[in-house]
Structures are given as structure tokens and as C-alpha cells.
Amino acid sequence: MIYFDNAATGGFKPSAVTDAAITVMKYLLANPGRSGHRLSVTGAKAVENCRTVIAETFNASPERVIFTKNCTEALNVAIFGTVKRGGHVIATTFEHNSVLRPLTHLKNTGEISLDIVCPENGKDIVSAIKEKIRPNTYLIAATSVSNVTGLTLPVKKIGELCDEHGILFLCDGAQGGGHINLDMKRDRINLLALAGHKGLYGLMGSGVLVVGDGVEVSPLMFGGTGSESMNLDQPKDYPDRLECGTLNLPAIAALSEGVNYVKDNLNTFSEILLCYTDAMIKKLSRISGVKLFSAPNAAGIVSFSINGLPSAIVADALNCDYDVAVRGGLHCAPLTHKYLGTEEDGLVRASLSVQNTYREINYFTSAIERICRR
């Protein structure tokens, strides 16, 4: 099968990633940091090594790298852990439901007021956000890259705006992490949520919340941390403040290798995906009936519609008749589709990795041409 669904989860894993997970499952069976014996200590060192690699990659403090089971959990920890009753939050129309649903819940329960902004009437997204800032605005949530179109938001400008007004900046790095350069300090990001299994080449079951220096996040979960065991309150220090229970050591060890793989190749990978998406967009633009919603981008995302066909039908035809994996539908980002006017039929999303080839792109666009003719 040709795999063009990398925005959902990365299809290719470097051998170092899978080898790390297998090694842990075969030989490192102990709970990291819970005992004093050699296996437990070795597991704890593997966890700390991953914290260090992520901290170096995103310019943060290692102890403020928090492991979660996915990016959704990281976003929920950030949103609920910083909530200010009676406060105001701003998000963009390009957000995933992992941001929209927690914020909508807080709005519906009267905890916060919420504005969702989009670029319209000639305004860019930063200007649209700036117009909505109130004296009680305490959080701005913005994705780094739209999971629908591959649009890259001006993260640094949004971060600078937040810094100027003393507002926390939560950046959803699910699609941006591993594809674009994200720097906590340079971009003034206070909270960065990452999906380990996408652009960072890790396994499913790995997510990360990176907490900026000086930012305080209240825990959502309480339990054993292997530290301060006589204290019935959750420890105050990071990472134990936000981590409890047994960590997913195989996924964390694998993520460490995945981040290393990306860190050394980020610029090259970004250039390759820009070329791939440019080639696919150019070929699709020549097919009658295809409407494109993406520009060339470093996240490898190309979304489009075919006149008169629901996106799910096209995705199913590609799967059944051509052995190509893509995603149709609304991609858990309903407001993006409403903004694009595609909420009824959704979009076909092809999301590439650097391991894909021009030959696969040619085959895919030929399949789309045949579907249009049929």
C-alpha cells in the first residue's frame, strides 16, 4: 500500500526507533525510577535521556518535559492546568478538537469566556487575535500547522504578541513538531504540546507537554511518582508535578531515537516535503474537477476536493481500487472546514513523509485523474 496518511500517524519508523522499543520490551522489564535495582535505574536513565533530547531540540528545561500518552492529553493538561475562572481565552479557527473541545467545555460550564478568530476582511491571524485581547485574557491557543491544509501559522509573531501582553501562549505542535523549527524561547512559547508518533517518528502512545520556565500548571492526575511517598499531596516539582503512574517506557525510548533522527535532518526533511507537496499540487491542479485547498508546505499535507464527490467516497475508492491510504472527512477540525466551506463533504487529505517518492505521487495523481473521469 502507498501510505499517504502520515498526518494521522507516521507510517515509517527508523530502525533505531523500533529497535529501542523492542529492546526495552525484551530486556528492560522494570518500572523506571520506582526501584533501586539496576533495571529500574537503567529505565529511569532512558526516560531522562529522552527529556534531555526533547529539551535540546525545542530549547527548554529537561525537567519541564512532561510525558503523556498523546498530544490530546498534553493539550488537556495545559488547558485545564492553567484555567483561570472568569478569564478569557482566544483560539483560532484552525484548531483541532483536542483544543476546541476542552475550551468549549470550560466555556459551557461558565469557567471562561472564549473567542475563536480567523483571518478575514483582509486581516491576518495575528491582527485578528490582537483585536480580541481583553484585560482578562490569560491564554491564547494556536496550532503551529493546520492538520487540514498544512497552513503554517506565524508562531513567533503570536508568541511575541502574547509576551507583550503577559498572556500564556499554548502552541499545538502535533503537526508542526518534526516538520518546522519550533523554539520555546525564540518563539515565546509557554506551553508546547507534541505528538510523538507523527513528525517526530516515535510510536503511538507517546505525547509530550513542554512547559516553559516560570509557567505553573496544576496537575489533572494525582498518584504515585516514586518520590516524596510520605507526602499525600502531589509533589510540587516538575516533572513529578504533572506525571504519575507508570510511564510508557518502550514508547519513550523509541521517541528519544525518533527525535534524534529528526533533529539532525529537520531542514533537509522540510525541503523534501516542500518539493513533494509542490509536485503533487501542480499535478492535481491540472486535473479537471479537482479543487485544491493547500499550498506547498513543510508538513507534507495536500488537501483537495473533487466536484460532486464526498471525500469519504474518494478515500474509499483510493483504498479499495488503488491501494492508497489517505484520509477523508473533517479531520477533527470542524471550524477549519466551516471556514473553508467544506463542512458538508469534507476534504481528501494526502499527507506525505520524506520516505515517499515521486513515483508514488505520480501513481496517486493518475488514480485521482481516473476517479474524476469515472
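The values are calculated or read from the model by the stated rules, or taken from the named source; none is laboratory data. These numbers were taken from a predicted model, which means no experiment stands behind them. Quick reminder, even Gly has a Cβ in these numbers, built from the backbone with ideal geometry, and neighbours come from all protein chains shown.
Could you grab me the full set of residues in segment 304-313 that are in a loop (DSSP other than H, G, I, E, B) and farther than 24 Å from Phe94 by Cα?
Correct list: Gly308 only.
Give me a count of the residues in segment 15-67 that are surrounded by fewer than 17 Cβ atoms within 10 Å (Cβ to Cβ) and under 18 Å from Lys198 (Cβ atoms).
2
Considering only segment 143-163, I want to know if a residue exists there that is among the acidic types (Asp, Glu), under 26 Å from Lys84 (Cα atoms), assigned to a helix (DSSP H, G or I) and at pLDDT 95 or above.
Yes.
Residue-wise test of (1) surrounded by fewer than 13 Cβ atoms within 10 Å (Cβ to Cβ); (2) of a type in the set (Val, Ile, Thr); (3) part of a helix (DSSP H, G or I).
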residue	(1), (2), (3)
Glu271	yes, no, yes
Asp278	no, no, yes
Val302	no, yes, no
Ala315	no, no, yes
Asn319	no, no, yes
His331	no, no, no
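For residues that are farther than 23 Å from Glu369 by Cα and under 20 Å from the mean Cα position of the chain (by Cα), tally how many sit in segment 321-346.
7
Looking at (1) crowded, with 16+ Cβ neighbours inside 10 Å; (2) at pLDDT 95 or above, find the lone condition where Pro119 falls short.
(2)
Could you please let me know if Asn319 is modelled with pLDDT of 95 or more, of a type outside the set (Phe, Trp, Tyr) and not assigned by TED's automatic domain parsing to the domain that holds Thr143?
Yes; evaluated as a whole, the condition is true for this residue.
Taking Val89, is it at pLDDT 95 or above, crowded, with 17+ Cβ neighbours inside 10 Å, out of contact with any Asp or Glu (no Cβ under 6 Å at 6 or more places or on another chain) and under 30 Å from Val348 (Cβ atoms)?
No; evaluated as a whole, the condition is false for this residue.
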